[in-house]
Amino acid sequence: MIRIKTKEQIAKMHKAGKLLAACHRELAKLIRPGISTAELDQWVENYLHQHGAIAEQKGYMGYPYATCASINDEVCHGFPRTTPLQDGDIVTIDMVVNLDGWLADSAWSYAVGNISEEAQKLLDITKRALYLGIEQAVVGNRIGDISYTIQKFAEGHGLSVVRPFIGHGIGQRIHEPPEVPHYGPRSQGPILREGMVLTIEPMLNLGKHHVKVESDGWTAKTVDGSLSAQYEHTIAITADGPLILTEQEIAD
Ligand code: MF3
Ligand code: CO
């Protein structure tokens, strides 16, 4: 069953989302060659605590950290580590903020120093794919309209769409129905209704779409070693169109 949220509940999720967005804006300033994802993770956990919030991912299904930090060919759920980031890396930081019991979820890919042209293309197209998907999140459309739009755009630019990790409903728990794949036919799946809150979070690869999970049980990587990027927002379906609860205001 898809849980419909009231305007008041969406306002609470928006508060969590605004805090999450502010945290990403601060992270953007910290990310540079030489800093480690373990340091960033600790910084995020402190920042959220200082603002009266909880890093919801920590302890979720046994996940051990506040953030997921996925570098280069890591697709998602990477463990923060003490090895410093290097010039030319790309890193995706994903986090879920719990503020007064209501959640928001957003991942963002960052360039570390100077990155290659193809890495920059991957970041640009992945972000545009997210926003094109969000445009489809209107009352009366179906989940498949989001999925189809993202896949068509990504593959049209020669990138591939990761299959096993998908968007989801969210509220007082990280994962609620419905599932939001970033691939598949249009006009299929649940109809979008006012008050639904979803994540849209495409992971796109420069090479093939296949992924494998490492022996730590979490870190997903591309099988072919190609770079992978991800942008994720939490959005509410409203009568006035999609409302991005985790919007960062400043274009990146
Ligand atoms: N933020 C992730 C998502 O977008 C959830 C990560 S699950 C965790 O669905 F356990 F790794 F935290
Ligand atoms: Co997330």
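Points to keep in mind about this one:
- Dipole magnitude of the chain, debye to nearest 20 (Cβ charges: Lys/Arg +1, Asp/Glu -1, about Cα centre): 560
- With contacts taken as Cα pairs under 8 Å and at least 6 residues apart, the chain reaches a relative contact order of 23 percent.
- Proximal charge balance of Thr37 [Cβ under 11 Å; K/R count +1, D/E count -1]: -3
- For Gly169, net neighbour charge (Lys/Arg +1, Asp/Glu -1) across residues whose Cβ lies under 12 Å away: +1
- Length-normalised contact order for the range 124-252 - Cα pairs under 8 Å, 6+ apart - percent: 28
- For the range 7-244, the Kirkwood radius over C-alpha pairs fed into Stokes-Einstein at 25 °C and 0.890 mPa s yields D = 139 µm² per second.
- Formal net charge of residues neighbouring Cys68 (Cβ-Cβ distance under 10 Å; K, R +1; D, E -1): -3
- Using the Cβ-Cβ distance between Ile4 and Tyr60 with R0 = 22 Å, the FRET efficiency computed as 1/(1 + (r/R0)^6) comes to roughly 0.40.
- Farthest toward positive dipole pole in the range 93-134 [+1 Lys/Arg, -1 Asp/Glu at C-beta], among Gly133, Tyr110, Val97: Gly133
- Our summary gives the range 73-112 a relative contact order of 40 percent, counting only alpha carbon pairs under 8 angstrom and 6 or more residues apart.
Values in this text are rule-based calculations from the coordinates and carry no lab data. Here the structure is a predicted model, which is why all the values come from computation and not from measurement. When we count neighbours, we look across all protein chains shown, and the Cβ atoms used for this are built from the backbone with ideal geometry, even at glycine.
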